[in-house]
Amino acid sequence: LQRGGFCSPPGPVPFQSPTSIGNEITFECTMRGDNMSNYYMSSYRQGPWSAPECIWRGRYTYGEGFQDGFKGSVDESKNRFTLQIRAPKPGDAATYYCGADPPWNSSAAE
């Protein structure tokens with residue numbers, strides 16, 4: 001888990017290995033040593049020849065074009081962030097990342 005860099009962490013921090021449920025793909029990210037409730041969680045992806053794309057950030061904000069096919073959620077009781085791809089398409093092939101940004105970070109105000 002990367003802390004800082006709202007939806008664009010400074011270094012690659014991939015999600016844990018995905019688990020497939022039917023046609024959905026689920027990624028999970030956990031935090032140790034702190035509580036997710038203290039942070040804005042985010043996720044982004046980067047394909048082999050593309051710029052990073054912000055998928056989800058904060059609590060309910062999706063990046064442009066991601067609100068229909070993706071679902072982000074935080075389970076604060078388990079300190080777990082989950083990202084689901086509801087119906088993956090070939091264009092969804094990428095490396096997926098998660099990050100955490102404290103709400104007082106100036107970049108979180110964007």
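The numbers here are math on the coordinates, done by the rules we state, and not lab data. No experiment lies behind these values; they were computed from the predicted model shown. Counting neighbours? That spans all protein chains shown, and the Cβs are built from the backbone with ideal geometry, glycine included.
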What are the ³J(HN,Hα) couplings of region 93-102, residue after residue, when phi is run through the Karplus curve with 6.51, -1.76, 1.60 and θ = phi - 60°? Round to Hz, x for glycine and proline.
5, 5, 9, 9, 10, 10, x, 9, 10, x
Full extension between T95 and S50 adds, at 0.36 nm per residue less the Cα distance, a length in nm of 15.1 nm
How many nm is it between the label spots at R86 and Q67, if each spot is 7 Å from the Cα in line with the beta carbon?
1.2
Computed ³J(HN,Hα) along region 52-67: with the Karplus parameters 6.51/-1.76/1.60, θ = phi - 60°, integer Hz and x for glycine or proline, the list is x, 10, 6, 9, 8, 7, x, 10, 9, 9, 9, x, 4, x, 9, 5
Neighbour-count order for W56, W49, fewest beta carbons within 10 angstrom listed first:
W49, W56
As a footprinting exposure proxy, order E24, E64 by other Cβ within 10 Å, with the fewest listed first.
E64, E24
Return the long-range amide H neighbours of Y40 (sequence gap of 5 or more, or a different chain), with a cut-off of under 5 Å between placed amide H atoms.
D101
